[in-house]
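Please treat every number below as a calculation from the coordinates, not as lab data. Since we're looking at a predicted model, the values are computed, not measured. Neighbour counts run over all protein chains shown; Cβ positions are idealised from the backbone, glycine included.
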Amino acid sequence: MKLTETHLEGCFIIEPTVFGDDRGNFFESFNAQKFQELTGLNLVFVQDNQSFSQRGVLRGLHFQQGNYAQAKLVRVIKGKVLDVAVDIRPESNTFGQAFSIELSGENNKQLFVPRGFAHGFSVLENDTIFAYKCDNYYNKESESGIIFNDPSLNIDWRLNENEVLLSDKDKELKSLKELI
């Protein structure tokens, strides 16, 4: 397993060691002991989530507030997404900055998104299966988000704006500036 810290403190790219032969491949998608050794974080993931989406779906930018904040370990099982993390920790040197990475069923990369970050992804291929672990339970009253096209974030979602498919809830999200 290879770990690379992004320019956002505490946000890591994780690349598993993949063992392949003419039958296919195998890799360990998560190992708590290795994760702790590499990151220095002792997290307990308590919830696994999975979504199935078509090209153009954009989910995010979501986060939970207060005692229900969540760290996430995200990956793609099948298909391809552009995954985005935004540092929303006011005390951070990288507050308001975004990081994006292509995650796919082929590259097997994962992104660790710490608490204090907004997270979202755009689906770049049909029939994409996206999975993530959370270190805290979902709480509807604590959910919030930032509108995907916030001009202060200037995120290139790798989709034309006319092909973006948002939930009704995500269409109503505010800009980062309006939330602070």
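Mind counting the residues in the range 99-113 that are assigned to a strand (DSSP E or B) and of a type in the set (D, E, K, R)?
Number of matching residues: 1.
Show the residue pairs that are 6+ apart or on different chains and have beta-carbon atoms under 7 Å apart, the first residue being within the range 164-180 and touching a residue at least 24 places away in the same chain (Cβ under 8 Å), the second being of a type in the set (D, E, K, R).
Pairs that qualify, where the first residue is touching a residue at least 24 places away in the same chain (Cβ under 8 Å) and the partner is of a type in the set (D, E, K, R), are Ser175/Asp150; Leu176/Asp150.
Of everything in the range 1-29 that's assigned to a strand (DSSP E or B) and of a type in the set (A, V, I, L, M, F, W, C), which residue is surrounded by the most Cβ atoms within 10 Å (Cβ to Cβ)?
Only one residue fits best here, namely Ile14.
Restricting attention to the range 42-64, which residues are of a type outside the set (Phe, Trp, Tyr) and surrounded by 15 or more Cβ atoms within 10 Å (Cβ to Cβ)?
Leu43, Ser53, Arg55, Gly56, Val57, Leu58, Arg59, Gly60, Leu61, His62, Gln64
Tell me yes or no: at least one residue of the range 153-172 is outside any loop (DSSP other than H, G, I, E, B), of a type in the set (Gly, Ala, Ser) and either closer than 23 Å to Arg55 by Cβ or under 16 Å from the mean Cα position of the chain (by Cα) (or both). Break it down stepwise before answering.
So in the range 153-172, the residues outside any loop (DSSP other than H, G, I, E, B) come out as 161-163, 165, 168-171.
Still in the running and of a type in the set (Gly, Ala, Ser): none.
Checked against the condition, which is being outside any loop (DSSP other than H, G, I, E, B), of a type in the set (Gly, Ala, Ser) and either closer than 23 Å to Arg55 by Cβ or under 16 Å from the mean Cα position of the chain (by Cα) (or both), the range 153-172 yields no hits at all.
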